[in-house]
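Note sheet for the following structure.
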2 protein chains.
Amino acid sequence: MKLASLKSGRDGHLVVVSKDLTRYSDASHIAPTLQAALDDWKVMAPKLQSLAQEIEVGSVPTERFHEHDCASPLPRAYQWADGSAYINHVELVRKARGAEVPESFYSDPLMYQGVSGSTLGPRDPIPLGDTAWGCDMEAEVCVITDDVPMGVSASDAADHIQLILICNDVSLRGLIPAELAKGFGFFQSKPPCAFSPVAVTPDELGDAWQDTLIHLPMHVDYRGEAFGRAEAGVDATFNMAQLVAHAAKTRPLVAGSIIGSGTVSNKGADGGAGKPVAEGGLGYSCIAEIRMIEKIASGEFKTPFMDIGDTVRIEMLDKSGHSIFGAIEQEVVSV
Amino acid sequence: MKLASLKSGRDGHLVVVSKDLTRYSDASHIAPTLQAALDDWKVMAPKLQSLAQEIEVGSVPTERFHEHDCASPLPRAYQWADGSAYINHVELVRKARGAEVPESFYSDPLMYQGVSGSTLGPRDPIPLGDTAWGCDMEAEVCVITDDVPMGVSASDAADHIQLILICNDVSLRGLIPAELAKGFGFFQSKPPCAFSPVAVTPDELGDAWQDTLIHLPMHVDYRGEAFGRAEAGVDATFNMAQLVAHAAKTRPLVAGSIIGSGTVSNKGADGGAGKPVAEGGLGYSCIAEIRMIEKIASGEFKTPFMDIGDTVRIEMLDKSGHSIFGAIEQEVVSV
């Protein structure tokens, strides 16, 4: 099934959306919000699944679904922990500044905790205080868990993944170096993320969901042109279940925790840095990567970060070309 | 007024507590949970204040208040951002390893984002997976905000501080070095915090609340003995309003965000490292500090971190010796 939160109050209004994202049916008689459904998922999920089936066969009233009416599926979430499954992204960043990737990064995931109480809807603008902050997008795969016990194993963690979605993890690259130099990780450099219009249960992905990874490309269009088509099932050093287990090592994860994959990033066909889409490559899921490749190749950064008015579109299509999660489509605005 | 969440479901049950912490009255006819009250604070606060006055004059039914029935005031919170107002703590840690404190630390607060979806009640045990993780307490002052706009000034931020409480920011010192070396900040090394039984409005602190700092000592007893009496109004490089403004630079803070002061820490009377309480000093709000002082003085750490069965009690008393927030009292248990 596919679930969305239509904009309403602080937590949105839960609806079940048709597989083709054209129609929805109100689900508030089952649970008023997605968080409320996740709080009692074992009871709520079968009821929501029934409604989803009724929508497909046309036995319940539906209304036209508009992605721009959506808040993030969890407009306020209790936990947003973002990993770095695709180490190629980290390798590029390090290579550009002549630093090695520590061996431990291949067995011990990088993870930071980001803002979860404020999120952006999939069509909300990205508010930017200063273009010198170096605004960038990061296209990622995310999962939403039910209650996960502290110390869960990676194999058990897979069973706690209840919903899957994608996000734009907005990053302020200009604020990152000074912030990381302080040693406490990202804070101001990671403002609210935007999440896709719908979150889906794993069965909606069919064969594309294997080993808790989505084996499909992440479509990123920047300023109206194809920018990234990286394969989310390729070059992942960690899968989503491993990231959930990492997050839960010393704490339980409360129902509704969102765990992210980090920027989806592939190596090139030759094992080196990937090429831009225009040159036949799979491109990039963030601007920082193409800048790193420019820096490694020519000694200088060429592509600027996002300016006021720039747009990004992030989407994932199934093998028939249909949108799975709906599209994140955002414009940078000055605040 | 003083507010508490009695243990019930995921979010507790909101009650107003008498100033002397002996009695409470159910507030669920006003708002079922503290989060619900904060979501509409301008409307809810006056109603809760009225109830608080009725409790003091005895015009409403009350029941006996037991601190051990409490969850954290916000059992699930959307944001927990912890600063380092007391740079003495940072200076000690750095001095012990022969590192300088960067000049920027005195103007740009250190802040990390911690787990907020899971918290510990004030009398809940501290679950520890492995004593080698180096379990430590950190006694801190915290504030709860209403909705704070992105980019708020420090002076305006002060008006968004609606409630004050204290916490035990549990830290796993053994996991910190490897985690900070990865560059993404704390994650597994900062498991859930315990918060005090009640959160209070600033007026409850009277003259002790000045310039958004509490001018009273933080009482920390470890294994039944006085361990820390550091003055929370002294040696604070940043006040709470400045920390709120720092947190909100690139994001709005959602109502119910909790911002922490970092470990309360004073210099000694001579401007050097503070002495233990037993030697007439103000002691420490965490074990790491006494270890750092041992290391600086003798070249080796002597005091071990918390073992299974060890207890910590954290409390703040007003000038008459009455508990303001109730006591956090926890025992480390093996899980």
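The values are calculated or read from the model by the stated rules, or taken from the named source; none is laboratory data. Predicted, not measured: the structure shown is a model, and the values here were computed from it. Note that each Cβ is placed from the backbone with ideal geometry, even for glycine, and that neighbours are counted across all protein chains shown. With ligands, DNA and RNA removed, areas are computed over all heavy atoms of the protein, side chains included. Shrake-Rupley method; radii C 1.70, N 1.55, O 1.52, S 1.80 Å.
Determine the share of the stretch B:3-93's accessible area contributed by carbon and sulfur atoms, expressed in whole percent, with a 1.4 angstrom probe.
Answer for the stretch B:3-93 is 51 percent, counting heavy atoms of protein chains only.
Please calculate how many Å² of accessible area the stretch B:268-335 carries per residue, with a 1.4 Å probe and no DNA, RNA or ligand atoms counted.
48 Å²
Evaluate the distance, in nm, between pseudo-label points positioned 7 Å from the Cα of A:Lys7 and of A:Glu300 along their respective Cα→Cβ axes.
For the pair A:Lys7/A:Glu300, the computed spacing is 4.2 nm.
As I understand it, the value is the acute angle between the Cα axis of helix B:41-57 and the longest principal axis of the Cα atoms of chain B; what does it come to in degrees, rounded to 10?
The helix B:41-57 is inclined about 80 degrees to chain B.
Once the Cα gyration tensor of the stretch B:161-209 is diagonalised, what are the square roots of 5 times its eigenvalues, in whole Å and ordered largest first, as equivalent ellipsoid semi-axes?
Result for the stretch B:161-209: semi-axes of 32, 11, 8 Å.
Using Cα centres only, tell me the gap between the stretch A:55-122 and the stretch B:270-289 in whole Å.
Value for the Cα centre distance between the two parts: 43 Å.
What base-10 log of the normalised intensity I(q)/I(0) is obtained for the stretch B:189-293 from the Debye formula, alpha carbons as equal point scatterers, at q = 0.11, 0.14, 0.19 Å⁻¹?
Log10 of I(q)/I(0), two decimals: -0.42, -0.67, -1.14.
Per residue, how much accessible surface does the stretch B:59-176 expose to a 1.4 Å probe? Answer in Å², no decimals.
Result: 32 Å² per residue.
For A:113-123, what's the mean count of beta carbons from other chains sitting within 10 Å of each residue's beta carbon?
Details: counts 12, 2, 11, 6, 13, 11, 1, 0, 0, 0, 0.
The mean count of partner-chain Cβ atoms within 10 Å per residue comes to 5.
Taking Rh as the Kirkwood radius, which is the inverse of the mean 1/r over Cα pairs, what is the Rg/Rh value for the stretch A:29-175?
When Rh is taken as the Kirkwood radius, the ratio is 1.03.
At a 1.4 Å probe, which residues in the stretch B:66-81 are at least 30 Å² less accessible with all protein chains present than in their chain isolated?
At a threshold of 30 Å² (probe 1.4 Å), the residues of the stretch B:66-81 that become less exposed are B:Arg76, B:Tyr78.
At q = 0.11 Å⁻¹, what log₁₀ I(q)/I(0) does a Debye calculation on the Cα points of the protein assembly as shown give, no solvent, two decimals?
Result of the Debye calculation: -1.11.
Tally up the carbon and sulfur contribution to the accessible surface of the stretch A:148-256 as a whole percent, 1.4 Å probe, everything protein left in place.
Looking at the stretch A:148-256 in its full context, I get 49 percent from C and S.
Would you mind giving the mean number of other chain beta-carbons within 10 Å of the Cβ of each residue in B:250-258, as a whole number?
What the average comes to for B:250-258 is 6.
Looking at the protein assembly as shown, send over the antiparallel percent of its DSSP beta bridges, to the nearest 5. Don't skip to the end; give the middle numbers.
Numbers: 106 of 120 bridges.
Roughly 90 percent of the DSSP beta bridges within the protein assembly as shown come out antiparallel.
What share of the DSSP beta bridges in chain A is antiparallel, in percent to the nearest 5?
90 percent
Using only DSSP helix segments of four residues or longer, with each worth -39500 (n - 2.57), what per-residue ellipticity at 222 nm results for chain B after dividing by its residue count and rounding to 500?
Calculated from helices alone, the mean residue ellipticity at 222 nm is -5500 deg cm²/dmol.
If we hang a label 7 Å off Cα along the beta carbon direction at B:Pro177, how far is it from the matching labels on the other copies, in nm, shortest first?
Inter-copy label distances (nm, one decimal, shortest first): 2.9.
Let me know the whole percent of all Cα-Cα pairs from the stretch B:93-177 that are separated by more than 21 Å.
Cα-Cα pairs in the stretch B:93-177 separated by more than 21 Å: 51 percent.
If you wrap a convex hull around the Cα atoms of the stretch A:126-272, how much volume per residue is inside, in Å³?
148 Å³
Round to the nearest 10 and report in Å² the accessible area of A:Tyr106, as given by a 1.4 Å probe over the protein chains' heavy atoms.
Counting only protein heavy atoms, A:Tyr106 exposes about 90 Å² to solvent.
Would you mind putting A:17-25, B:53-61 in packing order, based on average other-beta-carbon counts within 10 Å, highest first?
Result, highest mean Cβ count within 10 Å first: A:17-25, B:53-61.
Using a simple charge model, +1 on the beta-carbon of Lys and Arg, -1 on the beta-carbon of Asp and Glu, nothing else, what dipole does the stretch B:145-304 show about its Cα centre, in debye to the nearest 20?
780 debye
Need one number: buried accessible surface between chains B and A, 1.4 Å probe, both sides summed, DNA, RNA and ligands left out, in Å² to 100.
Details: alone 14400 and 14400 Å², together 24280 Å².
The summed interface area works out to 4500 Å².
Can you list the residues of the stretch A:1-44 that have at least 50 square angstrom less accessible area with all protein chains present than in their chain by itself, probe 1.4 Å?
The answer is A:Arg10, A:Asp39 - residues whose exposure falls by at least 50 Å² when every protein chain is included.
Stick to Cα atoms and the Kirkwood definition of Rh, then tell me Rg/Rh for the stretch A:2-112. Each step should come with its number before you reach the end.
Working: Rg = 19.7 Å, Rh = 16.6 Å.
A ratio of 1.19.
Given charges of +1 on the Cβ of Lys and Arg and -1 on the Cβ of Asp and Glu, with all other atoms neutral, how large is the dipole of the stretch B:153-223 about its Cα centre, in debye to the nearest 20?
640 debye
For the protein assembly as shown, what is the charge dipole size about the Cα centre, in debye to the nearest 20, if Lys and Arg each add +1 at the Cβ and Asp and Glu each add -1 at the Cβ?
Taking the Cα centre of the protein assembly as shown as origin, the dipole is about 420 debye.
What are the semi-axes of the equivalent ellipsoid for chain A, taken as the square roots of 5 times the Cα gyration tensor eigenvalues, largest first, in whole Å?
Ellipsoid semi-axes (Å, largest first): 31, 22, 19.
Hey, can you list the residues from the stretch A:157-203 whose accessible area shrinks by 50 Å² or more with all protein chains present, relative to the chain by itself (probe 1.4 Å, no ligands or nucleic acids)?
Flagged in the stretch A:157-203: A:Lys182, A:Phe184, A:Phe187, A:Gln188.
Taking the 0 to 90 degree range and rounding to the nearest ten, how far is the long axis of helix A:287-298 tilted relative to the main principal axis of chain A, both from C-alpha atoms?
For helix A:287-298, the angle is close to 20 degrees.
Quick one: compute a quarter of the convex hull surface over the Cα atoms of the stretch A:242-335 and quote it in nm².
Values: hull surface 40.7 nm².
Approximately 10.2 nm², given one-decimal rounding.
Calculate log10 I(q)/I(0) of the stretch B:61-134 for q = 0.19, 0.25 Å⁻¹, where I(q) comes from the Debye formula with a single equal point scatterer on each Cα and nothing for solvent.
Scattering profile of the stretch B:61-134, log10 relative to I(0): -1.00, -1.11.
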